[in-house]
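The values are calculated or read from the model by the stated rules, or taken from the named source; none is laboratory data. Here the structure is a predicted model, which means the values were calculated and not measured. Cβ placement follows ideal geometry from the backbone for every residue including glycine, while neighbour counts extend to all protein chains displayed.
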Amino acid sequence: MGLSTNRLGLYNPEKPMENRLTDMGPRHFWQYFPPIIQKNYGKWLYHEILEPGVLVHVSETGDKVFTVRCGGARFMTVEHVREICDIADKYCGGHVRFTTRNNIEFMVESLEKLDALKKDLTGRKHVTGSLKFPIGGTGAGLTNIVHTQGYIHCHTPATDASSMVKAVMDDLFEYFQGMTLPAQVRVSMACCLNMCGAVHCSDIALLGYHRKPPIVDAEVLDSVCEIPLVIAACPTAAISPTKTETGKKAVKINDERCMFCGNCYTMCMALPLSDSQGDCVTILAGGKISNRINAPRFSKVVIPALPNNFPRFPEVCQSVRKIIEVYDSHANKYERIGDWAARVGWERFFELCDFPFSEHLIDDYRLQYDTYRTSTLFKYSPASWEVSKAVGGVED
Amino acid sequence: MGFEPIVPQKELKYQDLRIYNDKELNNYTDSELKSFKIKHEIPVVEQLESGPWPSFVADAKRLALHRRKLSQDRMMIDRDVVEDLLGQLEVSFKDGETHWKHGGIVGVFGYGGGVIGRYSDLQKQFPSVAHFHTVRVNQPASKFYSSDYLRSLCDLWEYRGSGMMNLHGSTGDIVFLGTFTEQLEPIFYELTHVMQQDLGGSGSNLRTPSCCIGKARCEWACIDTQDMCYDFTQHYQDELHRPAFPYKFKFKFDGCPNCCVASIARSDMSFIGTWRDNIRIDQEAVQAYIGGEVPPNGGAHQGRDWGKFDIKKEVLDLCPTQCMWMEGKKLMIDDKECTRCMHCINVMPKALRPGKDTGASILLGAKAPILEGAQMATLTIPFIKCEAPYDNIKEKVIEPIWDWWMEEGKNRERLGELIQRQGIRKLLQVLNIPAMPQAVKEPRSNPYIFWKEEDVPGGWKRDIKDYRSRHAR
C-alpha cells in the first residue's frame, strides 16, 4: 500500500473511529542496522578515532566498521534528509544513523569507501557557502550543541535557539574539527528554564532567561485560566487572588518574590513574561553527565545575563570562546571544565576568565547553604581584595 | 544473534510508498537557488547563511524553492509555509519576542499526546503558519534508519505538512514541525496504516523512551539498550499515549556509566549498564599502551602533543578509588574496591573491558529545574539482571513506583520531587527493599530521626500519673 494522495487519505471524518490502528509503537530497530552491525551486534572489541570525526570499531569477528560523524542542524528539511538518503544509498547500503546530539553518522566497511565518502561529504555546500556535512565532533573537542525550539516553534522562549547555536558553532568551528582540548566539551542550549534540552549538566550551558515578572491580562484571565492552579503553580507564592476595578476575578503578582521561572505562564496564557529588554542569556559552566573519575554534576551560573543580540549573539560567542580558551590553556589532560574549575577554585576561574563576580551568582534559593564556603581554604584574587579594602582591612 | 520484533514488521520500500516522482523531487537548480528570494524581506535571518556550520536558513530556503515549484495540488497545506516561518522568525528577531500563541489543544482521537498544538499570533501577515502543530513520531531505538523509511517519511511530511522537521527532538522523537489541524488525523492514519509507525509521547504521559547506541556499535554496552528501549516502549503503549500520570515520566537507557544519553540527568527512571565481576585485562595490550604503540583514549587527544603516555599519571593516579597498581609489567586491579567509573577503560579500550556478568543500576528522579530545582537521579537499585522480557524490572520496580506516584503525586509533581517530599524511606517501603549506604553520599549529620512507635521499646503510650509518681511538678 502506497502513501495516499488525496486530501484526507485513509481517514474518514464521518466515521473517525473506523479502522483506527493504535498502540503499535515504534518501528523495530533491527531492520535498520547495516549488515555489518547486525553481524557484530554485541561483539565489538574496541574502537579508535582515526582523525577528527572518523572512528573505527573492531569486532571479535575481525570485522571493522568505519564511521564518519557530521554535524547537523537539528532543524532539517525534507530536502536535506533526502540528500542524506542519497549519500546513504551511494556509500552505506542505504543506512544512516543520528546521534543523541543531532550528529549524522555514515558507516562503511572499507578504507576505500571511507575516503570516497569523506571527499564527497566535504564537497557538499549550501549555495550560500556553509557546509552541509562538516566532519568532526569526536574526542577531546567540541561536539554539536543540543538545543531546543526557540522562535521556530515554542511559545515560552526567552531567546532563540537555532540562531544562537549556528552563531556559536560558526565561531568555535575549529574546535569541532579538532581534538586539541584537555577533554571533551559538551555545550547545550535551552531557550527557557523549562530546559527541554536538559542543559543543567553541561560543560557549558546557554540558557534563555526572562527578567520581568508576568503582565496580568486581567481582561481574560478568569475565563481562560484556573485561578487556584495558577496560584499553586508559583514556587515562591508570589501570586495571589484579586479583583479588577470592574469586579472581575484576577491575580496579582508580588514582583519582589518573582524568580521569573515562567511556570505560571505555562499554566495560564494570561500571564506572559517575554520582553525584548528583559529577556537575556544566562551562561552556566562546569557540569557533566558522565560518571568518569567523579560523579555527574550540575553546571553553575557564571554569567547572569547577556543581551539577546540577534541573530549572532556576539557577547555570547565571545564568552563561550573565553571559557574554552582559558580552559584549554590551564586544564590538565582528561580534566573537564568543571574538574579544572574545582581544582583551581572557582575564584580563580572568574579571575582567569575575567568575568565579574556579582551578587547574582550567589545562590539564594532553597539549597543555598550547600554552596556557602565554610572554611578558611580560599585563594586570594582581585575580588577578595575588594572586600578587604571595603572594610579598611588593607591599604587602598 | 537476531531479534524478533514484538509486532511483526512489514517491509517498507520507497518505490511502493512514494508520492513524488523524480522530476518533482529534482525541480530546481543551484543557480535558481542562488537567485531565489522568498516573499518576505528577511535581512536579519539571512545573516545566518554565512559561516561554516550548516545553515538551517539555507536549508529552509531550498525547501521553500522546492515547494514554490511543486504544483499546489501536490501539497495539502500551503506551499508558502516555509517562507512564512522565516518571515515570522525575522519579526521575532526584531521584536525580541516569540510570535507563537500559548498552547492549543489538538490531537488525534483516543490519544492524549503525540501532537503539540501551535498557532501564530501574526496570522494575517503569515497565514501559512496560522496553524503550526508539531507531531512527535516515535524513533526506532538508537536512531538507525534505512533510506527507504526516511524517504517515505519525507514524502508523507511534505505532502501533508511543512516538510520541516527535527532530527531529533531532545527526548528522541522525530519531530514533524508545522501542519494544520485538518491534516493531523490523515497523518496519523498514513503513519499507522501505511508505515506501521506510531506517535511518541507528550503531556502527562510516559514520554518516548530513548537509548544509547549500545551493543550495535559500542564495546562497553553492559545491557542491551535497544532491546530494553523497544520492549518497554511496546509494553507501556497505553501509558505512552493516554495521560494518567501526575506529570511527565521518562525512561532512558545508557549502556555504561559514560551515560551518552544523559539518563542520569534527565530521566525519571535511569537504567545504566554496569557489571559485578572483574574488569577484563589484556596485559599485552597494556604494554602496547605503555610502549606508545596504541594511542590512549582511543586517539581522542591526538590533536595536541601531550607527551608520552604515562600510565601512572594518566590512569593509576586518576583512579578515584586508587584500586589499581603495577606489579612489574602486570597491571593489577582490586575489583571489589572499583566503582566502575570507566576512566581506565576509556583510556585503554584495547586493554581493558567491562566484566562479563552484567546488568543495570537503576536511578530515580532526575529532572530539569522546573519546579523545585534541577535534580540528578538517585541510586536506588544497585544491580539488576536485565534479560528479556524484563519482568523483574517491570513488576518489582516500575509498576510499584508508578502506583505510588499516581496515588501520592501532586499535579505536575515529578517522581524526583515526590521522593524529596516523602523521603527515601518511603521509597524503600514502596519498593520493599532494605536501606543501603549506597543510596546516599553520606549518612545524615542531624539526628532528627522520625522514629516510629514500633521502633521504640514499650511504644509511645505513657501515663502522666506514672511519670509524676517519680517526678514532682
| request: Determine the pairs where a residue that is within 14 Å of residue B:373 (Cα to Cα), located within the range A:186-200, has a partner that is outside any loop (DSSP other than H, G, I, E, B) and β-branched (Val, Ile, Thr) with Cβ atoms under 8 Å apart, the partner being 6 or more residues away or on another chain. | output: A:194/A:266; A:199/A:146
| request: Please specify each residue of the range B:236-266 satisfying the condition of being closer than 22 Å to residue A:190 by Cα, assigned to a strand (DSSP E or B) and among the charged types (D, E, K, R). | output: B:252
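Considering each of A:343, A:321 in turn, give the residue that is modelled with pLDDT of 95 or more and either at the interface with another protein chain (Cβ under 10 Å from one of its Cβ atoms) or over 24 Å from the mean Cα position of the chain (by Cα) (or both).
Values: A:321 fails: either at the interface with another protein chain (Cβ under 10 Å from one of its Cβ atoms) or over 24 Å from the mean Cα position of the chain (by Cα) (or both).
Testing whether each residue is modelled with pLDDT of 95 or more and either at the interface with another protein chain (Cβ under 10 Å from one of its Cβ atoms) or over 24 Å from the mean Cα position of the chain (by Cα) (or both) leaves just A:343.
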| Scan of the range A:1-40 for residues that are among the aliphatic types (A, V, I, L, M) and within 30 Å of residue A:108 (Cβ to Cβ), ordered by number | A:36, A:37
| said: I'd like to verify a number: residues in the range B:279-311 that are acidic (Asp, Glu), within 25 Å of residue B:256 (Cβ to Cβ) and surrounded by fewer than 14 Cβ atoms within 10 Å (Cβ to Cβ), how many? | reply: 1
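Please state which one of B:34, B:23 is basic (Lys, Arg), facing chain A (nearest Cβ under 10 Å), assigned to a helix (DSSP H, G or I) and free of Cβ contacts under 8 Å to residues at least 24 places away in the same chain. Talk me through it step by step, then tell me what you get.
Details: B:23 fails: facing chain A (nearest Cβ under 10 Å).
Going through B:34, B:23 in turn, the sole match is B:34.
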| request: Would you check which residues across the range B:420-438 are loosely packed, with under 14 Cβ neighbours inside 10 Å and within 27 Å of the chain's Cα centre (by Cα) and list them? | output: B:421, B:423, B:438
| query | With respect to the numbered conditions (1) crowded, with 24+ Cβ neighbours inside 10 Å; (2) in contact (Cβ under 8 Å) with a residue 12 or more places away in the chain; (3) more than 24 Å from residue B:121 (Cβ to Cβ), which one is the sole condition not fulfilled by residue B:69? | reply | (1)
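Listed here are the residues, each with its yes/no results for (1) in contact with a Leu (Cβ under 9 Å, 6 or more places away or on another chain); (2) over 14 Å from residue A:205 (Cα atoms); (3) facing chain B (nearest Cβ under 8 Å).
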| residue | (1), (2), (3) |
| --- | --- |
| A:155 | no, yes, yes |
| A:158 | yes, yes, no |
| A:166 | yes, yes, yes |
| A:180 | no, yes, yes |
| A:189 | yes, no, no |
| Of the residues in the range A:356-383, how many are farther than 22 Å from residue A:256 by Cβ, of a type outside the set (Phe, Trp, Tyr), more than 14 Å from chain B (Cβ to nearest Cβ) and under 33 Å from the mean Cα position of the chain (by Cα)? | 6
| said: Taking the criterion of being free of Cβ contacts under 8 Å to residues at least 24 places away in the same chain and outside any helix (DSSP H, G or I), would at least one residue in the range A:351-360 satisfy it? | reply: yes
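Could you list, in sequence order, the residues of the range B:440-460 that are small (Gly, Ala, Ser) and out of contact with any helix residue (DSSP H, G or I) (no Cβ under 6 Å at 6 or more places or on another chain)? Walk me through it before giving the result.
Of all residues in the range B:440-460, those small (Gly, Ala, Ser) come to B:445, B:458-459.
Within the range B:440-460, B:445, B:458 qualify.
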| message | Residues that are within 25 Å of residue B:105 (Cβ to Cβ) and in a loop (DSSP other than H, G, I, E, B): does the range B:211-233 have at least one? | response | no
| field | Verdict on residue A:93 being out of contact with any strand residue (DSSP E or B) (no Cβ under 7 Å at 6 or more places or on another chain) and surrounded by 22 or more Cβ atoms within 10 Å (Cβ to Cβ) | value | no
| message | Suppose the filter is under 27 Å from residue A:66 (Cα atoms) and out of contact with any strand residue (DSSP E or B) (no Cβ under 6 Å at 6 or more places or on another chain); does residue B:248 pass it? | response | no
| message | Restricting to the range A:45-56, give me the number of residues that are in a strand (DSSP E or B) and either at positive phi or surrounded by 23 or more Cβ atoms within 10 Å (Cβ to Cβ) (or both). | response | 1
| task | Show the residue pairs that are 6+ apart or on different chains and have beta-carbon atoms under 6 Å apart, the first residue being within the range A:1-20 and surrounded by 12 or more Cβ atoms within 10 Å (Cβ to Cβ), the second being of a type in the set (Val, Ile, Thr) and at pLDDT 95 or above. | result | A:3/B:19; A:3/B:194; A:5/B:19
| request: Would you mind finding the one in B:172, B:163 that is within 7 Å of chain A (Cβ to nearest Cβ) and either touching a Ser or Thr at 6+ places or on another chain (Cβ under 7 Å) or crowded, with 24+ Cβ neighbours inside 10 Å (or both)? | output: B:163
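How many of the residues making up the range B:170-203 are modelled with pLDDT of 95 or more and assigned to a loop (DSSP other than H, G, I, E, B)? Outline the logic, then answer.
Restricting attention to the range B:170-203, the residues satisfying the condition of being modelled with pLDDT of 95 or more are B:172-201.
Filter once more, so that each one left must be assigned to a loop (DSSP other than H, G, I, E, B): B:172-173, B:178-180, B:195-198, B:200-201.
Here the count works out to 11.
Considering only the range A:113-135, state which residues are among the small types (Gly, Ala, Ser) and more than 10 Å from chain B (Cβ to nearest Cβ).
The initial filter retains those residues of the range A:113-135 that are among the small types (Gly, Ala, Ser), namely A:116, A:123, A:129-130.
Of everything in the range A:113-135, those that are among the small types (Gly, Ala, Ser) and more than 10 Å from chain B (Cβ to nearest Cβ) turn out to be A:116, A:123.
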| message | Consider the range A:267-301. How many of its residues are more than 7 Å from chain B (Cβ to nearest Cβ) and β-branched (Val, Ile, Thr)? | response | 4
| message | Restricting to the range B:121-167, name every residue that is assigned to a loop (DSSP other than H, G, I, E, B) and within 18 Å of the chain's Cα centre (by Cα). | response | B:138, B:139, B:140
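Return the residue satisfying two criteria in turn: it lies in the range B:384-419 and is of a type in the set (Lys, Arg) and crowded, with 16+ Cβ neighbours inside 10 Å, and of such residues it is modelled with the highest pLDDT. Step through it out loud before you land on a result.
At the first step, the residues of the range B:384-419 found to be of a type in the set (Lys, Arg) are B:385, B:394, B:396, B:410, B:412, B:414.
If we keep only those that are crowded, with 16+ Cβ neighbours inside 10 Å too, we end up with B:412, B:414.
Numbers: B:412: 89, B:414: 94.
For the range B:384-419, the residue satisfying everything is B:414.
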| So, of the residues in the range A:43-88 that are within 7 Å of another protein chain (Cβ to nearest Cβ) and touching a Lys or Arg at 6+ places or on another chain (Cβ under 6 Å), which turns out to be farthest from residue A:163 (Cα to Cα)? | A:46
| task | Check the range B:72-83 and report whether any residue there is within 22 Å of residue B:189 (Cβ to Cβ), within 9 Å of another protein chain (Cβ to nearest Cβ) and not acidic (Asp, Glu). | result | yes
| request: Quick one: count up the residues across the range A:252-287 that are within 26 Å of residue A:201 (Cβ to Cβ), touching a helix residue (DSSP H, G or I) at 6+ places or on another chain (Cβ under 9 Å) and aliphatic (A, V, I, L, M). | output: 5
| task | Can you confirm whether the range B:255-262 contains a residue that is crowded, with 23+ Cβ neighbours inside 10 Å and under 21 Å from residue B:396 (Cβ atoms)? | result | no
